[in-house]
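Here the structure comes first, spelled out in structure tokens, and everything after it is commentary.
No lab work stands behind these numbers, since they all come straight from the coordinates. Here the structure is a predicted model, which is why all the values come from computation and not from measurement. Here Cβ is always computed from backbone atoms with ideal geometry, including for glycine, and neighbour counts include all displayed protein chains.
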Protein chains: 2
Amino acid sequence: MQALVYTGTEKLEYKKFKDPLLVDGESIVRVSASGICGSDMHAYHGKDERRVPPLILGHEVSGVIEEGSKKGKKVVLNPLITCGKCNYCINEREHLCEKRVLLGMNRPIERQGAFAELVIAPDQNIYELPATLDIKKAPIAEPTAVALHAVELGKDVLKKSLNQSRVLIIGGGAIGLLCALLLENYKKCKEIILVDLNEKRLASCKKELNSETLKPDNEIIKENSFDLVFDTVGLEITRQNAIKFVNSGGAIVHIGLTQPSGTFNFRKATLQEITFVGTYCYTNKDFQNTLNLLSKDVLGKLNWIEYRDLSKGFNAFKQIHDGTCSSPKIILIP
Amino acid sequence: MQALVYTGTEKLEYKKFKDPLLVDGESIVRVSASGICGSDMHAYHGKDERRVPPLILGHEVSGVIEEGSKKGKKVVLNPLITCGKCNYCINEREHLCEKRVLLGMNRPIERQGAFAELVIAPDQNIYELPATLDIKKAPIAEPTAVALHAVELGKDVLKKSLNQSRVLIIGGGAIGLLCALLLENYKKCKEIILVDLNEKRLASCKKELNSETLKPDNEIIKENSFDLVFDTVGLEITRQNAIKFVNSGGAIVHIGLTQPSGTFNFRKATLQEITFVGTYCYTNKDFQNTLNLLSKDVLGKLNWIEYRDLSKGFNAFKQIHDGTCSSPKIILIP
């Protein structure tokens, strides 16, 4: 098959790669569409120890079963592969399984990703494509599940009802935009501000949202004034802004992971009783709920997605890197 | 009256001080007993911007109403004075009131503390002493309410039941010991380890607890193995230990505040979905629940409390500072 192979820091080559071989309990999927995630960019920059070249990246996937028990079915993949047996798996927290592995990673276990014509995945990770969901748009299910899981975690740790809460979203990438769309359309929040430094991104988000879209230094944004803050960036400075802007007794949901360490205002976290909760991927239930929401167009028509040929995927990565593409999501089509 | 006055860094003088003057809605209490808190030590070291000399410290108080509507009643004081009107106050989160002030603080508003013969407090902060609770021991209600609030917050953020959870308590001071006593006797937790660097403190705690009491470098204590960690110390190193020892999907309850800032492993917090929650004081309900628990001897006989004369309070502070006193709690008697 042809695949876009990550061959070294800031290097991607579209070339021949060995076809996946069918194994018991799994299916081979002919990829219809495969989205570029921030974590793929992180790998591309040589900064992800779980993704070591040579490797096919990509874990936001839709396609058609090529080989396997449901041959011919249109499907969406849940790329988070878990053991199904541990305490986390049997208690609906599969995303914390110690043996978890994501498509498009090769540490600790190799699972080639979906920037390719074919990809193999366990049958339990394969979800039928809802009839009303366009197969080209369907990879958006994966980041939407990430956002849904984060929103649900935020709801769980808040001491007041989510739709009565003032919400700040830091970052206008796909996850930030999807959080805002979920909060507006699914959770019926009325007071949301989304901030980003990048004006192009703000403009893209503004078109899709009722929420305010502002630069983070806008004076409308006051200290101690948000019940819930989503940090979808995960820089030291965005975490510091999150703790600055969150209200007493409020919560910070931390989704991004750009800088893994850094200082933090533990004084305020303690004296003002702030909850900080990290969030990773989604449970199987979140993934199914996401497909239900997308099948009902709850998040709108998703016309903000851009499409490129997989064979030209390298240019898409480069444009995201350069900031010359401000689209919240690029999906590659083989 | 005579009072132990904090007059400068590491300086306390037992001397004459102006009597409190009765105002409407408040009562003057003749102090029977007044405990030394870690935050008093923090002030004594000149490190608390809310406690500026000259000031009478002390906010763990029992006594007898000297002047006021319930003259002659034996009482315990809830030292956290709140407005009663704001959104936090009317939603049972009084401890987050923007106008909150604690006895024994003078920033932003002055409220003299209880290391004195007399102290004044609002009537709504005055609780009747339970008949079965020794008035000399009763100041322990305040740190016990802190510990109870922390334990309840921990229970709320955990995704499994508290009594089925493995718990690590960092710090064997009063708050650490009280958390352990509450978890053992009230919450029926079966797997608790309490750690402290100080062998004397560990020995004091060991006498009172069924929990294991160990040094933090003991090899029994494994990475990623506790569902819930209480950091009652709040140093950068204890927070780093907390995130190291907590299990995927687990929670850290942060009570201590020795170092207000510092680095933290946000990578693990995110990828392993750790909840970090700061905790401050207690709600009015927590304070009342604490008195109920103490009146039923749920925490045992409290024979680990040591008593000293208020007039020799300076020596008690010095011994705590030097580490020559390992008692988890010293109560001063005027």
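Odds and ends about this structure:
- Estimated from helices alone, the mean residue ellipticity of the protein assembly as shown at 222 nm is -7000 deg cm²/dmol (sum of -39500 (n - 2.57) over DSSP H runs with n ≥ 4, per residue).
- Cα-based reach from residue B:99 at 17 Å (exclusive), listing lysines while leaving out same-chain residues under 8 positions away: A:268, B:85
- Where the alpha-carbon atoms of the range B:72-150 are placed on the principal axes, they occupy 35, 25, 23 Å, in descending order.
- With Rh defined as the Kirkwood radius, the inverse of the mean 1/r over Cα pairs, the Rg/Rh of the range B:261-303 is 1.26.
- Shape category assigned to the range B:20-121 from the gyration tensor of Cα positions, a/c cut at 1.5: oblate
- Trypsin sites (Lys or Arg not before Pro) lying in DSSP loop within the range A:179-216, provided at most 16 other Cβ fall within 10 Å: A:188, A:190
- Antiparallel bridges, percent of DSSP beta bridges restricted to the protein assembly as shown (to nearest 5): 55
- Only alpha carbons enter this Debye calculation for chain B, each as an equal point scatterer, and the log10 of I(q)/I(0) it gives at q = 0.14 Å⁻¹ is -1.12.
- Pairs of Cα atoms nearer than 8 Å and 6+ residues apart set the relative contact order; for the range A:75-218 it is 16 percent.
- With all pairs of different C-alpha atoms in the average, the Kirkwood value for the hydrodynamic radius of the range A:225-334 is 16.8 Å.
- The range A:13-42: trypsin sites (Lys or Arg not before Pro) falling in loop per DSSP and having at most 10 other Cβ within 10 Å: A:18
- Of every Cα-Cα pair in the range A:30-185, the percent that sits beyond 25 Å: 37
- Placing unit charges on the Cβ atoms only, positive for Lys and Arg and negative for Asp and Glu, gives the protein assembly as shown a dipole magnitude near 200 debye about its Cα centre.
- Measuring from each Cβ of chain A to the axis carrying A onto B, the nearest residue and its distance in whole Å come out as A:276, 2.
- For chain A, size of Cβ-based charge dipole, Lys and Arg +1, Asp and Glu -1, in debye: 200
- Legend: residue pairs B:47/B:206; A:160/A:285; A:215/B:155; A:200/A:222; A:187/A:244, Cα-Cα distance threshold 27 Å; pairs beyond threshold, B:47/B:206; A:215/B:155.
- Where only C-alpha atoms are counted, convex hull volume of the protein assembly as shown per residue in Å³: 150
- Selection from A:274, A:52, A:240, by position along the positive dipole direction of the protein assembly as shown (Cβ): A:274
- Centroid-to-centroid separation of the range B:30-75 and the range A:35-109 [C-alpha atoms, Å]: 58
- Loop-located chymotrypsin sites (Phe, Trp or Tyr not before Pro) in the range A:166-246 (DSSP state not H, G, I, E or B) with no more than 15 neighbouring Cβ atoms inside 10 Å do not occur.
- Placing +1 on each Lys and Arg Cβ and -1 on each Asp and Glu Cβ, with no other charges, gives the range A:172-265 a dipole about its Cα centre of roughly 200 debye.
- Label point 7 Å beyond Cα along the C-beta direction, distances from residue A:22 to other copies (nm, shortest first): 9.2
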